[in-house]
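Report on the structure given below.
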Amino acid sequence: MDRCVVLVDAGYLLGAAASLLAGEPSRSRILVDHAAVVAGLRERAELETGQPLLRIYWFDGAPDRVPQPEHRRLRVMPRVTVRLGALTRTDGRWAQKGVDAAMHAELSELARNRACADVVLVTGDGDLLPGMMSAKEHGVAVHLWAVQAADGDYNQSEDLVAEADERRVLDREWITAAIRAREVGGACAPPGPRPEIGPDIAAILSAPLPEPGAAPPPAQPGEPHPAKNGSAPDTAGGHTAHGKGVPTPKDLAGLGRVHAAPPPPQPAPSATLRWSSDKGWTDRGSGADQSDTSGLPTLAQLTSAEQRWADREADITAVSGDPYEVGQVFARRWIARVAEPAQRQQLPTHYPRVPHRIDGELLRYAARFGLLAHKDDQIDEHDRYAIRAGFWREFGIHESPSPSPGAAAD
């Protein structure tokens with residue numbers, strides 16, 4: 001049939017581009033405009049083969065074959081089909097498994113069914129040699145494209161080069177139209193000093209545990225903490241060694257068993273609690289200053305079965321999986337489904353901290369898009385900041401998607 005097909009080994013294309021532009025084959029060193037890459041491949045394939053494009057097959061590896069954000073963007077583009085192999089980590093390096101076999105099978109099937117007259121291969125792996133030979137035997141013209149090597153030499157199998165019908169090089173000019181090197185940031189500023197422990201908290205830490213039935217004696221300023229002297233708590237009698245130290249939960253449980261009446265209440269300290277955020281250390285008052293978040297519903301509580309199905313369909317077909325976009329989509333749905341205006345107005349008052357229940361649901365939603373760093377099954381810190389920044393953006397609060405130097409995650 002008078003059509004052309006493009007088979008792309010993404011590991012080769014992007015790895016070779018990174019070597020050319022950034023000096024090393026790590027794909028994290030480059031920024032890729034996938035729409036521009038697809039458009040460039042289609043335009044050049046149709047020009048060089050003289051045939052209209054049937055389809056671009058994009059072969060890549062992914063941890064557990066879970067589509068990553070770039071794969072989600074690609075697979076909804078016209079005339080693009082994504083095929084994923086496994087991505088495994090061996091001796092500290094990532095390696096693709098099953099990608100070559102999938103390309104071989106697709107190439108042989110296309111040639112056997114006479115689905116196209118020309119096949120463009122963007123790869124350098126000699127394992128595709130049998131598939132290339134099989135395609136030629138079925139009357140398909142095979143075009144082999146290489147990415148310009150950084151050292152000017154071949155970065156493809158010599159056998160593959162020798163067997164191809166036509167050979168072309170994607171030079172630096174073609175590559176830089178869609179791919180550029182990522183700018184390496186300068187050294188981060190040293191983190192700011194952590195807040196000192198105030199005198200009220202220091203007094204609490206140095207206070208002795210009250211004897212049963214007796215009022216607790218006043219704390220002596222400057223008295224050393226038992227833990228600093230290496231003394232271990234003695235819980236046999238319901239108090240710590242020497243009557244000093246911070247009571248453990250076991251100490252308090254022992255006191256509760258022996259004496260039904262609780263010790264006399266002590267005045268609440270006037271210490272200010274703090275939590276960390278990307279905006280630095282944020283004061284959190286006590287009592288009335290701490291707003292209750294238990295009345296804020298989660299997105300799952302606001303979503304009907306019909307909406308859940310529609311959300312899943314949209315996630316598959318319309319949401320690319322970019323961390324910032326994921327946060328926006330989640331917040332947009334939450335805002336649209338909250339019936340009480342007061343609840344809708346209450347959530348932004350917690351900025352920059354996303355309430356725990358909603359934050360956990362937000363990160364679980366983001367995990368569907370392959371945003372897990374599979375070394376520890378957690379979302380990368382940079383992605384977490386981007387997800388939360390996108391979330392707050394929907395409330396009209398502008399927040400940088402990258403963490404501030406020295407800031408700690410909540």
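Could you tell me the center-to-center distance, by alpha carbons, between the stretch 69-92 and the stretch 120-173 in angstrom?
Answer, in whole Å: 21.
Please state the shape class of the stretch 295-393: rounded when a/c is under 1.5, otherwise prolate if a/b exceeds b/c and oblate if not, all from the C-alpha gyration tensor.
In terms of gyration-tensor shape, oblate.
With an 8 Å Cα cut-off and a minimum separation of 6 or more residues, compute the relative contact order for the stretch 4-181 in percent.
Relative contact order of the stretch 4-181: 27 percent.
When you take every Cα atom in the stretch 4-181, what is the radius of gyration, and what is Dmax, the widest Cα pair distance, in Å?
Expressed in Å, the Cα Rg and Dmax of the stretch 4-181 come to 15.2, 45.
Along the Cα-to-Cβ line of Met133, 7 Å from the Cα, sits a label point; which residues in the stretch 139-183 have backbone N less than 12 Å from it?
In the stretch 139-183, the label zone of Met133 (backbone N under 12 Å from the point 7 Å along Cα→Cβ) covers 159-160, 163.
With the cut-off at 1.5 for a/c, could you classify the stretch 108-170 from its C-alpha gyration tensor as rounded, prolate or oblate?
prolate
With unit charges on the beta carbons (Lys and Arg positive, Asp and Glu negative) and the dipole taken about the Cα centre of the stretch 295-393, which residue among Gln345, Tyr365, Gln301 sits farthest to the positive side?
Among Gln345, Tyr365, Gln301, the one farthest towards the positive end of the dipole of the stretch 295-393 is Gln345.
Where a number appears in this text, it was derived from the coordinates with a stated rule and is not lab data. What you are looking at is a predicted structure, and each value in this text was computed from that prediction instead of being measured. Every residue, glycine among them, receives a Cβ derived from its backbone with ideal geometry; neighbour counts consider all protein chains shown.
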